[in-house]
Amino acid sequence: MFTSKKVRTALFTVVLLLITISMYFFYQSPEKAYNEHGGTSYASYEKAKVLRVVSEELANDPENGGLYHGTQQLEVKILSGEHKGEVHTITNYLSPYINVLTKKGQTIVVNVDSADHKNYFVTVYSHYRAPLMGSMILLFFGILWAVGGKKGLKSVAGIVFTFASIFYLFIPMLYRGYSPIFATVVVGVLTTCITLLLLNGWSSKSLAAILGTTAGVVITGAIAYIFGELLQISGFNTKEVEVLIIVSQQTGMQLKGILFAGIMLASLGAIIDVGISIASSVYEVYMANPKLSKKELFLSGINVGRDMMGTMANTLLLAFTGTTLSSLMILYSMKVPFTQLTNMNMVTIEVIQAITGCIGVVLTVPIVAFISSRMMPSFERVVNDNIETDKNVKEVKMSV
């Protein structure tokens with residue numbers, strides 16, 4: 001066992017670096033390309049600057065939040081891509097669905113729809129939001145660092161690693177035909193290990209939380225799969241299925257398991273939160289009274305978990321409700337009959353997601369409490385023995 005903090009830190013840094021490099025090379029490895037149009041035409045989205053508003057015919061609609069309807073004639077200069085530097089006069093159509101009101105000097109995003117290099121059509125696509133979104137993320141990281149101090153900075157590193165794992169590993173694995181359940185377990189274990197080890201180091205509570213969280217995520221996926229089979233719901237019942245079927249035919253992506261992979265991934269954050277909270281509680285109880293039995297430690301973890309179960313379940317239910325709020329409002333306004341409502345694919349999928357996530361959170365409590373109560377006494381005893389041995393060795397060296 002590596003008892004030196006410097007050795008553990010160096011080893012963790014090397015492992016993290018190797019994992020990061022491996023993910024990058026995996027992301028860069030060749031993969032089958034998806035051709036959306038099935039021909040030589042293509043579309044790109046480029047930055048453009050509005051040089052001037054040539055003319056506009058706009059009307060304000062106070063009933064729809066003050067949106068403007070009508071058209072604008074714009075002179076724009078493309079700032080990126082193969083047509084960089086070119087100036088075009090284009091028509092910007094404003095409606096309740098596409099409403100990009102522009103002004104002189106503003107940077108926007110345009111859609112360059114090309115048949116070839118010489119024949120293409122430029123239209124307004126959206127506001128250029130990337131700089132503001134980046135500023136929001138940096139503001140969040142800054143607040144996290146300012147409030148959390150050193151641990152806040154470690155949390156930032158954990159968030160960045162989690163995002164990188166999803167973008168450079170999880171999504172490419174799904175796209176290349178890996179089992180969605182396998183990909184979710186790999187990414188879930190990886191992000192859980194790195195996040196918890198960053199925050200709490202190599203400790204008994206980190207190990208207990210990692211093992212318990214992994215078990216909770218796997219159980220969540222298994223329950224979701226079982227209920228999905230019973231209710232005859234899979235990735236083929238999602239609203240994006242038409243596009244995904246075409247993608248899967250061209251790339252080998254396994255469409256059926258994507259739904260359950262999404263459920264596992266959506267529940268992971270809440271399960272990690274519960275796992276580390278229970279492990280930390282049992283650890284503090286043990287450190288305050290090392291003479292407690294394993295049963296007493298287990299019960300202390302259960303008691304803390306009971307206070308968290310309801311709030312975490314509410315968190316998941318509210319999160320899933322929030323993501324489908326627009327659809328729920330449509331269903332409510334249409335006064336959909338109860339029989340139709342309870343048998344709709346969308347509603348069934350949301351119920352599976354919410355309930356299986358809640359079940360995973362609840363079952364994680366006894367799992368982490370049990371692992372912590374068994375692991376911590378032995379682990380801490382070994383650590384203390386090693387520390388005592390190192391101390392004696394140093395005293396001997398000093399006396400010599």
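Translational diffusion of region 85-185 was estimated from the Stokes-Einstein equation, with Rh taken as the Kirkwood radius over Cα pairs; at 25 °C and 0.890 mPa s the coefficient is 136 µm²/s. Between 0 and 90 degrees, the angle of helix 294-323 with respect to the longest Cα principal axis of the chain falls at about 0 degrees.
Taking every alpha-carbon pair within the chain, the share separated by more than 41 Å comes to 33 percent. Express in nm, to one decimal, how much length is gained between Ala146 and Asn60 on full extension, taking 0.36 nm for each residue of separation and deducting their alpha carbon distance. Gain in length upon complete extension: 26.6 nm. Computed extension length for Ala33-Lys239: 71.9 nm, one decimal, from 0.36 nm per residue of separation with the Cα-Cα distance subtracted. Considering only Gln249, Gln106, Gln353, the Gaussian network model of the chain with Cα springs below 10 Å gives its largest mean-square fluctuation to Gln106.
Between Lys49 and Asn303, the distance separating the two model label sites (each 7 Å from Cα on the Cα→Cβ line) works out to 6.7 nm. Using a probe of 1.4 Å on the protein chains alone, the accessible area found for Lys49 is around 90 Å². Sparsely packed loop sites in region 182-263 (the trypsin sites (Lys or Arg not before Pro) outside DSSP H, G, I, E and B with at most 16 other Cβ atoms within 10 Å) comprise Lys239, Lys256.
Quick one: with all protein chains in place, what share of the accessible area of region 218-281 is carbon or sulfur, to the nearest percent (1.4 Å probe)? The value for region 218-281 is 64 percent carbon and sulfur by accessible area. The simple spin-label model puts a point 7 Å past each Cα toward its Cβ; for Ala288 and Lys84 those points are separated by 6.2 nm. Cross-link reach is defined here as a Cα-Cα straight distance under 18 Å, omitting same-chain residues fewer than 8 places apart; for Lys84 the lysines meeting it are Lys47, Lys49, Lys118.
For the residue pairs Lys32/Lys239; Lys77/Lys104; Lys151/Lys205; Lys239/Lys335; Lys6/Lys205, alpha carbon separations beyond 18 Å are given by Lys32/Lys239; Lys239/Lys335; Lys6/Lys205.
Residues whose amide H falls under 5 Å from that of Leu67, counting only those 5 or more places apart or on a different chain, are Asp61, with hydrogens built in the peptide plane.
Among residues other than Asn314 with Cβ under 15 Å from its Cβ, the summed charge is -1 (Lys and Arg +1, Asp and Glu -1). With R₀ set to 22 Å, the beta-carbon distance separating Tyr68 from Asp113 gives a calculated FRET efficiency near 0.35.
Taking 0.36 nm per residue of separation and subtracting the current Cα-Cα distance, fully stretching the chain between Met136 and Tyr93 would add 12.6 nm. For the pair Arg8 and Leu101, label points projected 7 Å from Cα toward Cβ lie 5.8 nm apart.
Of the residues Ile108, Ile258, Ile194, the one that moves most in a GNM of the chain with alpha-carbon contacts below 10 Å is Ile108.
Axis angle, to the nearest 10 degrees, between helix 130-165 and the longest C-alpha principal axis of the chain: 10 degrees. Backbone geometry of region 195-202 corresponds, through the Karplus equation with coefficients 6.51, -1.76 and 1.60 at θ = phi - 60°, to 3J(HN,Hα) couplings of 4, 6, 5, 5, 7, 10, x, 7 Hz, x marking Gly and Pro.
The values are calculated or read from the model by the stated rules, or taken from the named source; none is laboratory data. Just so it is clear, the model here is predicted, and its values are computed rather than measured. When we count neighbours, we look across all protein chains shown, and the Cβ atoms used for this are built from the backbone with ideal geometry, even at glycine. Areas reflect the complete protein model, heavy atoms only, side chains present, ligands, DNA and RNA absent. Shrake-Rupley method; radii C 1.70, N 1.55, O 1.52, S 1.80 Å.
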